[in-house]
Amino acid sequence: MVNRPGTNLLGAPGDVRLPPVIRTLVPIAAFFTGLQVFAMTTPPFIMPSMADIGVRYFSIWSSDPGAIISTFIRIIVGLGSAFVVGVSSGVAMGMSSVIRGYGETFVKFLTGIPGLSWVLIAVLWFGNVELRIVFVLFMVLFPWYSLSTMDAVRGIPRDYTDMVKSFRFTRREYTQKLIVPYILPDIVSVSKSNIGYAARIVVVAELVGATSGIGRELLVAQGRFNIVDIFAWTFVLVTVMLSLQAVLLIVERTQLDWRETEA
Amino acid sequence: MGLSISVSDVTKTFQTDTGQVTAIEEFDFTIESGEIITMVGPTGCGKSTILNIVLGVLSPSTGKVVVGGRRPYEDFHSFRGEIAAVFQEDRLLSWRTATENAQLGLEALDTTSSYRTDQVAKWFDMLGLTGYEQARPQELSGGMRQRVGLARAFVIDPEVLLLDEAFGHLDEVTATELREDFLELVRGGHARTTTLFITHDINEALLVGDRVLVSRSPGRLVDSIDVPPSLQDEPELHQQYRERILSQLR
């Protein structure tokens, strides 16, 4: 990389930058290199080699797909239900000061309850494991959808609302033509965060009483002091999370391509 | 031909953190069907407020506004397809192309996709927008964006057209071009509607309007001046009218 004095490292004229794919992989490669260096200086029961983890990681996909599928489905159902209820309630609160008056503080209150508390509550409330896990995901994720959506709706400029209103659309048309497209970038943004939260929360929920899933596999690995499996399953979870992020990326590229032409 | 507009003794006050603010006080005027009326005054004299009241997105605090026998705020939805506005900021939706922005008003009416496309194409042709149909607002200049805003208003063939300093933020050359195109459309028979044109520019007011309403701060209508058709060809007479308006605003 060429860095002329006084110029910004990011994108200044004359800088020679690596292609985007390489720039994405460099920090990840550095991370794994760091782990490998650490592995070379510690006993394998503390930090196994990347080769051992890699072999186990790839074998999991063919030998234990059921656990991956279980976790994936739970994330989808939990995220999906949180999305539907969260966005709906957020739009309602954004459009109505009355509804907002009743709902906003309560939703904010819910954001203060830790995911672990919901896990413990759910264990006592629900006998059904799947319901328990989806409940936990829902309670952790829906407030963020709700509040982000509410803020996005309230952030629609008065200029836009008056202009669209002046054409005398029905409430449904108004929501469809102005609110939904305007808030879509914010919903995609909060979804990116929520996918990460979902991946972390589902594992905690699965630790307690689940008989399948990545969380359960991590618990079993921990019980056997199998650190290779702990790392491998963790990276499998990260892969699941990244695959969901990739779906969002497709949504962004197809539905939000107009943002690329904005100054 | 256009709906008539009757504004009777309209006052609008707003509640703010520091107390009550009166934006306009006892506005009283009538615009006959098909008339083009300009309203001129300095910033803060209530011009945009009265426009929004006639548009129906604001209600008067006291007084009455009647457009074609109905009240724009109370009978809001009955005016679907009848009132259109062009604002100072184009207010184009970023995620829509120029064509999609222009046809927004037609989507509120019972129209087919092909009708909307044809109508937009017709107005784009008249407004010099051919070739920009698929452009996003971000890709257009200020003048082109305002042309799309004009197309969006004209395309629904409104009975009432409201313009709020529509050319005010453009450079002199662009504003002059757009004003000439606009006058060609409204006076040339392509779109004769009842028009209320808000401006802070006295010359623009005298050029565009059949009659000029003069508003001064704080939100009072102080004069109504009929504009002779030959005014633009008589510089001395034009100067007299200009001085008359200026004297009302001082």
Check off (1) small (Gly, Ala, Ser); (2) under 18 Å from A:Ser166 (Cβ atoms); (3) modelled with pLDDT under 95 for B:Ala102 and give me the number that stays unchecked.
-> (3)
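Rundown of residues vs (1) within 22 Å of B:Phe197 (Cβ to Cβ); (2) out of contact with any strand residue (DSSP E or B) (no Cβ under 8 Å at 6 or more places or on another chain); (3) of a type in the set (S, T, N, Q), yes/no style:
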{"position": "B:Tyr73", "(1), (2), (3)": "yes, no, no"}
{"position": "B:Ala98", "(1), (2), (3)": "no, yes, no"}
{"position": "B:Ala102", "(1), (2), (3)": "yes, yes, no"}
{"position": "B:Thr117", "(1), (2), (3)": "no, yes, yes"}
{"position": "B:Gly128", "(1), (2), (3)": "yes, yes, no"}
{"position": "B:Glu139", "(1), (2), (3)": "no, yes, no"}
{"position": "B:Phe154", "(1), (2), (3)": "yes, no, no"}
{"position": "B:Leu162", "(1), (2), (3)": "yes, no, no"}
Any idea which of B:Val120, B:Val160 is more than 9 Å from every other protein chain (Cβ to nearest Cβ), closer than 23 Å to A:Val180 by Cβ and open to solvent by less than 10 Å² (accessible area, probe 1.4 Å)?
-> B:Val120
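Looking at B:Gly143, B:Gly168, B:Gly188 in this structure, which one is under 19 Å from B:Val40 (Cα atoms), open to solvent by less than 60 Å² (accessible area, probe 1.4 Å) and modelled with pLDDT under 95? Steps first, answer last, please.
Details: B:Gly143 fails: under 19 Å from B:Val40 (Cα atoms); B:Gly188 fails: under 19 Å from B:Val40 (Cα atoms).
So the residue among B:Gly143, B:Gly168, B:Gly188 that is under 19 Å from B:Val40 (Cα atoms), open to solvent by less than 60 Å² (accessible area, probe 1.4 Å) and modelled with pLDDT under 95 is B:Gly168.
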Does the range A:86-94 contain any residue that is free of Cβ contacts under 8 Å to residues at least 24 places away in the same chain, of a type in the set (Gly, Ala, Ser) and more than 30 Å from A:Leu141 (Cα to Cα)?
-> no
Is it fair to say A:Ala210 is away from every other protein chain (no Cβ under 14 Å), assigned to a loop (DSSP other than H, G, I, E, B) and open to solvent by less than 50 Å² (accessible area, probe 1.4 Å)?
-> yes
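Can you name the strands (runs of 3 or more DSSP E) wholly within the range B:20-113 that have at least 2 residues being within 10 Å of chain A (Cβ to nearest Cβ) and either out of contact with any Cys (no Cβ under 8 Å at 6 or more places or on another chain) or within 29 Å of B:Phe124 (Cβ to Cβ) (or both)?
B:83-86
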Any chance B:Ser59 is touching a strand residue (DSSP E or B) at 6+ places or on another chain (Cβ under 7 Å), open to solvent by 10 Å² or more (accessible area, probe 1.4 Å) and of a type in the set (Ser, Thr, Tyr) | no
Residue under evaluation B:Gly189, criteria (1) within 14 Å of chain A (Cβ to nearest Cβ); (2) not in a helix (DSSP H, G or I), criterion not met | (1)
Subset of the range B:206-245 (residues that are under 22 Å from B:Phe182 (Cβ atoms), assigned to a strand (DSSP E or B) and touching a residue at least 40 places away in the same chain (Cβ under 8 Å)) = B:Arg211, B:Val212, B:Leu213, B:Val214, B:Ser215
Residue count, the range B:63-95, condition closer than 13 Å to A:Val164 by Cα and of a type in the set (D, E, K, R), comes to 3
Among A:Thr234, A:Thr254, which is within 14 Å of chain B (Cβ to nearest Cβ) and either free of Cβ contacts under 8 Å to residues at least 12 places away in the same chain or within 21 Å of the chain's Cα centre (by Cα) (or both)?
-> A:Thr254
Of (1) of a type in the set (A, V, I, L, M); (2) crowded, with 20+ Cβ neighbours inside 10 Å; (3) out of contact with any helix residue (DSSP H, G or I) (no Cβ under 8 Å at 6 or more places or on another chain), B:Ala108 fails just (3)
Tell me, please, whether a residue that is under 20 Å from the mean Cα position of the chain (by Cα) and over 30 Å from B:Gly149 (Cα atoms) can be found in the range A:101-109.
-> yes
Residue ID - nearest to the other protein chains (Cβ to nearest Cβ), chosen from residues in the range A:213-222 that are open to solvent by less than 50 Å² (accessible area, probe 1.4 Å) and either in a helix (DSSP H, G or I) or not small (Gly, Ala, Ser) (or both) = A:Ile214
Hey, among B:Asp181, B:Asp201, B:Asp210, which residue is over 23 Å from B:Asp28 (Cα atoms) and open to solvent by 10 Å² or more (accessible area, probe 1.4 Å)?
-> B:Asp181
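The values are calculated or read from the model by the stated rules, or taken from the named source; none is laboratory data. Since the model is a prediction, treat every value here as computed from it, not as a measurement. Cβ atoms come from the backbone with ideal geometry, glycine included; neighbour counts cover every protein chain shown. Only protein heavy atoms, including side chains, enter the accessible area calculation; ligands, DNA and RNA are left aside. Shrake-Rupley method; radii C 1.70, N 1.55, O 1.52, S 1.80 Å.
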